[in-house]
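Asker: If you scroll down you'll find the structure; I have some questions about it.
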Amino acid sequence: MRFEAEDWDEVVATLKRADEVVLACHVNPDGDAVGSLLAASLGLRKLGKKTFPTWPGMNADLLPGYEFLPGTDSLVPPADVPKEVGTFLALDCGGGDRLGELQEVMKTADVVINIDHHPGNDNFGELNVVVEDASSTAELVAYLLKDLEVEIDQAIATCLYTGIFTDTGSFQYVNSSPETLRLAADLLEAGVDKTAIAQAVLENAPFGFLKLVARVLGRAQLFESARFVYSVVTHEDLKVTGVKSEETDQLIDLLRSTRDADVAALFKEQGNGEYRASLRSKGPVSVGTIARERGGGGHELAAGFTTTDVDQTVREIVAELSSG
């Protein structure tokens, strides 16, 4: 048993017995979700398993910045996943609702395995390995593959390293433990090209992104007493600059870079009057708590939720931060 996760050994045994596995990560996946998904799929295939890696809403275009990952040619659209499965492996999902239309597939499974590191995970699997102090789901997958006696080759290592690299903020966040860095070193020894990954993830924006930065940062507002900064991305911004919504993730990091704020929020217009809020904290404020209070989720220093009223939400957050 690793990480004091009670179901760890049974998860390993279940995956060893499985012939076919449907693997899914959360909707609108980030680097950790995609990296964990592909690493687990490649590893299980080395054991002779048939795998169906997917995520809700997936189409033919992989998220920008992750096209280089090994195993992308094996991705399966949700519509092509078997409708009845023996083993369903959910990765990086804080709750079953993060699986979208794939929840219906999950309900047919003989066994559901839930591997995650998000606080507030509702343990929706029959078997759950939820380790909140792990740097990433990719870190958990790395040790699961080792216990499955899978050789971590360059392809798998590249996927794992990408997951860890992105979820630790390029090893800047407090979740970059000594154990995490030792694992990253092992992955580098397996042949990972860390420079190529950093460039693909961090320096892959289209030229229009620079125009988008000017628009979004130009309307940023700072509440000095609450040490809170926020801005908004509209559909009009994306239309004018030609940037896709999934290419805007770095904007929140630019907002949080000011020394005058400890908490940053970016509201992205979604349609139907909704805005997706991304939150970041430099500590000690828990944006995970702020998000969960509003029906969202995430980590203590990075979280998100959905709102229909940006102004009201901003007033609430400012009041909460000011009173705290």
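Asker: Find the residue count for the range 9-60, including only residues that are charged (D, E, K, R) and in contact with a Pro (Cβ under 8 Å, 6 or more places away or on another chain). Outline the logic, then answer.
Answerer: Going through the range 9-60, the residues charged (D, E, K, R) turn out to be 9-10, 16-17, 19-20, 30, 32, 45-46, 49-50.
Subset that is in contact with a Pro (Cβ under 8 Å, 6 or more places away or on another chain): 20.
The total comes to 1.
Asker: Also: Could you tell me whether the range 137-146 includes any residue that is touching a residue at least 40 places away in the same chain (Cβ under 8 Å), touching a strand residue (DSSP E or B) at 6+ places or on another chain (Cβ under 7 Å) and open to solvent by 40 Å² or more (accessible area, probe 1.4 Å)?
Answerer: no
Asker: Which residue is farthest from Asp32 (Cα to Cα), if the candidates are limited to the range 101-117 and must be open to solvent by 30 Å² or more (accessible area, probe 1.4 Å) and of a type outside the set (D, E, K, R)? Give the derivation first.
Answerer: Let us first name the residues in the range 101-117 that are open to solvent by 30 Å² or more (accessible area, probe 1.4 Å), namely 101, 103-104, 107-108, 110.
Now drop any that are not of a type outside the set (D, E, K, R), which leaves 103, 108.
Numbers: Gln103: 20, Thr108: 26 Å.
Once the filter is applied, the top-ranked residue is Thr108.
Asker: Mind checking which strands (runs of 3 or more DSSP E) fall wholly inside the range 204-319 and carry at least 2 residues that are within 21 Å of the chain's Cα centre (by Cα) and small (Gly, Ala, Ser)? Even if it seems obvious, please write down each step before you answer.
Answerer: Working: elements: 221-223, 228-233, 263-271, 274-281, 302-307.
Ranges flagged: 263-271, 274-281, 302-307.
Asker: If we keep just the residues of the range 118-129 that are surrounded by fewer than 24 Cβ atoms within 10 Å (Cβ to Cβ) and among the hydrophobic types (A, V, I, L, M, F, W, C), which is farthest from Pro78 (Cα to Cα)?
Answerer: Of everything passing the filter in the range 118-129, Leu127 is farthest from Pro78 (Cα to Cα).
Asker: Here's a follow-up. So the check is Cβ under 9 Å with 6+ separation or different chains; which pairs have a first residue in the range 1-14 that's within 15 Å of Asp133 (Cβ to Cβ) and a second one that's of a type in the set (Asp, Glu) and surrounded by fewer than 16 Cβ atoms within 10 Å (Cβ to Cβ)?
Answerer: Going by the 9 Å Cβ cut-off, the qualifying pairs are Arg2/Asp9; Phe3/Asp133.
Asker: For the range 191-208, state whether one or more residues are farther than 30 Å from Val22 by Cβ, free of Cβ contacts under 8 Å to residues at least 40 places away in the same chain and open to solvent by less than 40 Å² (accessible area, probe 1.4 Å).
Answerer: Scanning the range 191-208 turns up at least one residue that is farther than 30 Å from Val22 by Cβ, free of Cβ contacts under 8 Å to residues at least 40 places away in the same chain and open to solvent by less than 40 Å² (accessible area, probe 1.4 Å).
Asker: Something else about it: Considering only residues of the range 160-178 that are touching a residue at least 12 places away in the same chain (Cβ under 8 Å) and farther than 30 Å from Asp237 by Cβ, which is nearest to the chain's Cα centre (by Cα)?
Answerer: Restricting attention to the range 160-178, the residues satisfying the condition of being touching a residue at least 12 places away in the same chain (Cβ under 8 Å) are 160-171, 173-177.
Pick out the ones that are also farther than 30 Å from Asp237 by Cβ and you get 160-161, 164, 171, 174-177.
Working: Leu160: 13, Tyr161: 14, Ile164: 10, Phe171: 15, Val174: 17, Asn175: 14, Ser176: 16, Ser177: 18 Å.
Among those that are touching a residue at least 12 places away in the same chain (Cβ under 8 Å) and farther than 30 Å from Asp237 by Cβ, it is Ile164.
Asker: Being surrounded by fewer than 16 Cβ atoms within 10 Å (Cβ to Cβ) and at pLDDT 90 or above is the filter; apply it to the range 311-324 and report the residue that is nearest to Asp116 (Cα to Cα).
Answerer: Within the range 311-324, the match that is nearest to Asp116 (Cα to Cα) is Glu316.
Asker: Tally up the residues in the range 233-255 that are surrounded by fewer than 20 Cβ atoms within 10 Å (Cβ to Cβ) and either closer than 20 Å to Leu301 by Cα or modelled with pLDDT under 95 (or both), please.
Answerer: The number of residues fulfilling the criteria is 6.
Asker: Being in contact with a helix residue (DSSP H, G or I) (Cβ under 6 Å, 6 or more places away or on another chain), over 24 Å from Gly273 (Cα atoms) and either open to solvent by 50 Å² or more (accessible area, probe 1.4 Å) or among the charged types (D, E, K, R) (or both), is that true of even one residue in the range 214-221? Break it down stepwise before answering.
Answerer: Within the range 214-221, the subset in contact with a helix residue (DSSP H, G or I) (Cβ under 6 Å, 6 or more places away or on another chain) is 215-216.
Pick out the ones that are also over 24 Å from Gly273 (Cα atoms) and you get none.
There is no residue in the range 214-221 that is in contact with a helix residue (DSSP H, G or I) (Cβ under 6 Å, 6 or more places away or on another chain), over 24 Å from Gly273 (Cα atoms) and either open to solvent by 50 Å² or more (accessible area, probe 1.4 Å) or among the charged types (D, E, K, R) (or both).
Asker: Right, something else. Can we say Val192 is in contact with a Ser or Thr (Cβ under 6 Å, 6 or more places away or on another chain), farther than 19 Å from Val11 by Cα and not hydroxyl-bearing (Ser, Thr, Tyr)?
Answerer: Details: in contact with a Ser or Thr (Cβ under 6 Å, 6 or more places away or on another chain): yes; farther than 19 Å from Val11 by Cα: yes; not hydroxyl-bearing (Ser, Thr, Tyr): yes.
Against the criterion (in contact with a Ser or Thr (Cβ under 6 Å, 6 or more places away or on another chain), farther than 19 Å from Val11 by Cα and not hydroxyl-bearing (Ser, Thr, Tyr)), Val192 qualifies.
The values are calculated or read from the model by the stated rules, or taken from the named source; none is laboratory data. Given the structure is predicted, the values throughout are model-derived calculations rather than measurements. All Cβ positions, glycine included, derive from the backbone under ideal geometry; neighbour counts span all protein chains shown. Accessible surface is based on the protein model in full, side chains and every heavy atom, while ligands, DNA and RNA are left aside. Shrake-Rupley method; radii C 1.70, N 1.55, O 1.52, S 1.80 Å.
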